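The values are calculated or read from the model by the stated rules, or taken from the named source; none is laboratory data. Here the structure is a predicted model, which means the values were calculated and not measured. Ideal geometry is used to build each Cβ from the backbone, glycine not excepted, and the neighbour counts take in all protein chains shown.
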């Protein structure tokens, strides 16, 4: 294991968005109405994500860095004006970064990184493209869409599966926090390398080409640590 050579502390704020209302345009110009309010099940999932991420980050660096992770649940409705709306060739994507949430913006100076957790009840992905998470350019902030493990019912319907909340050994829940680690890495490199040029992606791709194991997400944690410690080749 690494020898602890300094007492490095890194503070992360997880902003869990409790209510979203707005009307957006999909790639075809059709209105998509979002009216989301956090359920008790989603609330329990967010609490679990915070706890799992705290354990993951502090174990990942073998004591070289101490991570302090706080969580904040929004009190006000977040409207469409707070979202960054981007049109690509074949899809649109909306993003919600912490500085765009008025009740959160004043808290950010106390943290090294801030990440929002957002759910918009968009099962057809009309507003998400292929995005699981995204980091704001030249910023210490990012966002991740709330990911709930799903199960296929006997009638073929796919529904969220909350049955394993607080089962910290469940594979799907452990994997649900990887997007937070991924975006955290980007918030670090955005302030060190050229903004928008994510070398991290190239490193992950190179390692993936040689990986023959069964759990690519757990493997990615190791690659993330090596990359941040400047030990990835």
Within the stretch 83-99, tally of residues that are under 20 Å from the mean Cα position of the chain (by Cα) and either part of a strand (DSSP E or B) or buried (at least 19 other Cβ atoms within 10 Å of the Cβ) (or both): 11
When the residues of the stretch 100-112 are filtered to those that are without any contact (Cβ under 8 Å) to a residue 40 or more places away in the chain and part of a helix (DSSP H, G or I), which remaining residue is nearest to residue 137 (Cα to Cα)? 100
Whether any residue in the stretch 25-34 is touching a residue at least 12 places away in the same chain (Cβ under 8 Å) and under 30 Å from residue 221 (Cα atoms) is what I want to check. no
For the stretch 73-82, give me each residue that is part of a helix (DSSP H, G or I) and within 19 Å of the chain's Cα centre (by Cα). 82
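Which of the residues belonging to the stretch 113-143 are in a loop (DSSP other than H, G, I, E, B) and in contact with a helix residue (DSSP H, G or I) (Cβ under 6 Å, 6 or more places away or on another chain)?
Hits for the stretch 113-143 are 132, 140.
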Qualifying residue in the stretch 40-56 (condition: surrounded by fewer than 17 Cβ atoms within 10 Å (Cβ to Cβ) and in contact with a strand residue (DSSP E or B) (Cβ under 7 Å, 6 or more places away or on another chain)): no
Quick check on the stretch 115-122. Is at least one of its residues in contact with a strand residue (DSSP E or B) (Cβ under 8 Å, 6 or more places away or on another chain) and modelled with pLDDT under 80? yes
Just to verify a result, which residue in the stretch 35-50, among those that are without any contact (Cβ under 8 Å) to a residue 60 or more places away in the chain and under 17 Å from the mean Cα position of the chain (by Cα), is farthest from residue 179 (Cα to Cα)? 43
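Test of understanding: among 120, 69, 115, which residue is touching a residue at least 24 places away in the same chain (Cβ under 8 Å) and within 23 Å of residue 33 (Cα to Cα)?
Exactly one residue qualifies, and that residue is 120.
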Would you mention how many residues in the stretch 59-74 are out of contact with any helix residue (DSSP H, G or I) (no Cβ under 6 Å at 6 or more places or on another chain) and either surrounded by fewer than 17 Cβ atoms within 10 Å (Cβ to Cβ) or at pLDDT 95 or above (or both)? 9
From 70, 62, grab the single residue that is within 23 Å of residue 188 (Cβ to Cβ) and assigned to a strand (DSSP E or B). 70
Can you confirm whether residue 146 is over 26 Å from residue 17 (Cα atoms), surrounded by 12 or more Cβ atoms within 10 Å (Cβ to Cβ) and at pLDDT 80 or above? no
